[in-house]
Amino acid sequence: MTKINILTNKLFFISLTVVIALYTLGMNKNENNQEEKIFKNIYIKEIPIGRLTIYEAKKEIEKHYTPKDIQIKYKDKKWEIKESDINLDYNVDRALKKAYNYNRSEDKVENMKRMFSLSFNERYNIDLHASYDESKLSAIIEQISKDINVSVVQASINIKESGEIKTTNSKEGIQVDIVSLKENIYKMIDKKNINEINLPTNIIKPKINTEDVNSINTVLGQCSTSFNDKTCRGSNIYVAAKSTGDTLIMPGETFSYNKATGARTWSNGYKSAKVIVGGKYVNGEGGGVCQVSTTIYNAALLAAMEIEEVHNHTFSSHYAPRGKDAAVSYGYTDFKFRNPYSHPIYIKNIVNNGAITSKIYGYSQDIEKLYIKTEEKHVKDKINVKTYRIYLGEENNKIREELISQSEYKIK
């Protein structure tokens with residue numbers, strides 16, 4: 001063994017002996033004595049508290065870290081969340097206890113190791129872990145939100161049977177951004193740095209604006225069909241017309257007839273009437289609803305709606321020409337069309353005196369010059385029909401042709 005190693009070992013044992021002696025002397029003192037001090041080189045949040053009593057150390061920590069009330073402002077309004085309201089605590093006492101007991105554990109050997117390290121300028125830093133009552137904070141924020149939140153108001157439109165158009169204006173809503181507010185508060189508490197917060201809010205834009213409803217000013221397409229209004233079938237037409245009428249369809253949105261009417265059940269106001277099932281006429285709930293879908297379909301054709309789904313009946317209908325009917329069956333076949341314009345449209349159904357009229361209102365500059373053409377071809381006991389939409393130019397010249405549907409009817 002070299003002389004250097006021998007000298008190093010001697011110094012180590014001497015230092016260790018000194019530390020043990022100091023520790024032994026410390027053990028003879030009353031550890032409940034308030035004057036007993038925290039060991040050297042111990043820190044809380046990088047603040048030196050070594051060689052201080054717990055009382056002295058607490059005063060030093062509280063110079064830098066003391067919970068404060070949280071101030072929130074929004075325009076001319078202010079709120080104060082007191083630290084006591086949410087049980088805000090930096091848990092200084094817990095950290096001080098940990099500091100004091102760092103070299104006073106039940107493991108005597110470990111205590112000596114720690115004192116030895118601290119005696120040779122190794123630092124031990126303890127963090128402060130803040131805590132608060134989340135449920136109490138949420139309740140306070142909810143109350144603040146009630147003071148600020150303003151519900152968004154959608155613009156509305158109502159068109160009377162006379163054609164009179166009435167609209168109401170839209171209004172933006174305001175909503176407190178609770179997630180952002182809580183994150184801001186949490187970060188301040190976590191960093192132990194409480195500052196005034198500007199209340200974060202979101203502007204809620206209406207989906208239907210005043211400009212949208214004000215653009216609806218004319219009829220783009222309409223159709224009328226007649227029926228016997230003294231029957232169960234006639235009653236069903238009234239119910240279906242009501243559920244599908246007075247409907248606003250925004251740009252790009254799709255209208256679904258089945259979605260608008262719901263199931264054709266007794267609970268929804270429908271009665272039993274003749275329907276076609278498997279090529280035969282039988283009594284079923286909702287008989288007559290196909291006349292409403294057909295009437296809307298023809299109005300949609302003339303209004304240049306984008307037809308997404310349409311089906312023909314097994315046999316020709318008495319209320320619409322072949323190629324111009326729209327058979328529906330809830331859960332099976334639907335009638336759907338999409339609004340292709342950059343302005344909304346509005347479906348208005350009028351039912352009286354044994355007639356139903358469907359009008360599709362929209363923006364006057366969206367009117368298309370067009371007509372509907374059908375081509376029939378008889379094949380044995382069937383009739384095949386193609387339905388076209390023909391678009392016209394300024395001088396009524398044909399500019400394009402669109403195939404809408406291909407139908408097949410059985411001959412009775």
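The values are calculated or read from the model by the stated rules, or taken from the named source; none is laboratory data. Quantities reported herein were computed from a predicted structural model and do not represent experimental measurements. Cβ placement follows ideal geometry from the backbone for every residue including glycine, while neighbour counts extend to all protein chains displayed. When the accessible area is computed, the model is the full protein with side chains, heavy atoms only, and any ligands, DNA or RNA have been set aside. Shrake-Rupley method; radii C 1.70, N 1.55, O 1.52, S 1.80 Å.
Scan the range 168-177 for residues that are open to solvent by 60 Å² or more (accessible area, probe 1.4 Å) and closer than 23 Å to Ile216 by Cβ and jot them down.
Thr168, Asn169, Lys171, Glu172
Any idea which of (1) modelled with pLDDT of 95 or more; (2) open to solvent by less than 30 Å² (accessible area, probe 1.4 Å); (3) in contact with a Lys or Arg (Cβ under 6 Å, 6 or more places away or on another chain) is the one Glu309 doesn't satisfy?
Of everything listed in (1) modelled with pLDDT of 95 or more; (2) open to solvent by less than 30 Å² (accessible area, probe 1.4 Å); (3) in contact with a Lys or Arg (Cβ under 6 Å, 6 or more places away or on another chain), Glu309 misses just condition (2).
So, Ser180, is that one crowded, with 16+ Cβ neighbours inside 10 Å and more than 30 Å from Ile61 (Cβ to Cβ) or not?
It is false that Ser180 is crowded, with 16+ Cβ neighbours inside 10 Å and more than 30 Å from Ile61 (Cβ to Cβ).
Output the residues belonging to the range 213-260 that are over 20 Å from Gly354 (Cβ atoms), touching a Leu at 6+ places or on another chain (Cβ under 9 Å) and outside any helix (DSSP H, G or I).
Ile216, Leu220, Gly221
Just to be sure before I move on: is Lys259 open to solvent by 60 Å² or more (accessible area, probe 1.4 Å) and within 30 Å of the chain's Cα centre (by Cα) in the structure I sent?
When the stated conditions are applied, Lys259 passes them.
Restricting the search to the range 293-335, which residues are among the acidic types (Asp, Glu) and part of a loop (DSSP other than H, G, I, E, B)?
Asp325, Asp334
Here are some conditions: (1) open to solvent by 30 Å² or more (accessible area, probe 1.4 Å); (2) closer than 30 Å to Lys410 by Cα. Thr357 meets all but one. Which one does it not meet?
Of everything listed in (1) open to solvent by 30 Å² or more (accessible area, probe 1.4 Å); (2) closer than 30 Å to Lys410 by Cα, Thr357 misses just condition (1).
I'm told Ala139 meets every condition in (1) surrounded by 15 or more Cβ atoms within 10 Å (Cβ to Cβ); (2) small (Gly, Ala, Ser); (3) within 26 Å of Asn202 (Cα to Cα) except one. Can you identify the failing condition by its number?
Ala139 satisfies all of (1) surrounded by 15 or more Cβ atoms within 10 Å (Cβ to Cβ); (2) small (Gly, Ala, Ser); (3) within 26 Å of Asn202 (Cα to Cα) except (1).
How many of the residues making up the range 213-224 are more than 32 Å from the chain's Cα centre (by Cα) and surrounded by 20 or more Cβ atoms within 10 Å (Cβ to Cβ)?
3
Can you tell me which residue within the range 360-369, out of those that are touching a residue at least 40 places away in the same chain (Cβ under 8 Å) and open to solvent by 30 Å² or more (accessible area, probe 1.4 Å), is nearest to Ser243 (Cα to Cα)?
Tyr363
Taking only pairs six or more apart or across chains, which ones have beta-carbon atoms under 6 Å, a first residue in the range 174-188 that is on the phi > 0 side of the Ramachandran plot and part of a strand (DSSP E or B), and a second residue that is open to solvent by less than 70 Å² (accessible area, probe 1.4 Å) and of a type in the set (Phe, Trp, Tyr)?
As it stands, the answer is none, since no pair meets every condition given.
In this structure, is Lys146 more than 30 Å from Tyr65 (Cα to Cα), open to solvent by 70 Å² or more (accessible area, probe 1.4 Å), assigned to a helix (DSSP H, G or I) and without any contact (Cβ under 8 Å) to a residue 24 or more places away in the chain?
So Lys146 passes the test.
Counting residues that are more than 24 Å from Gly288 (Cα to Cα), which strands (runs of 3 or more DSSP E) fully inside the range 336-380 reach at least 3?
370-379
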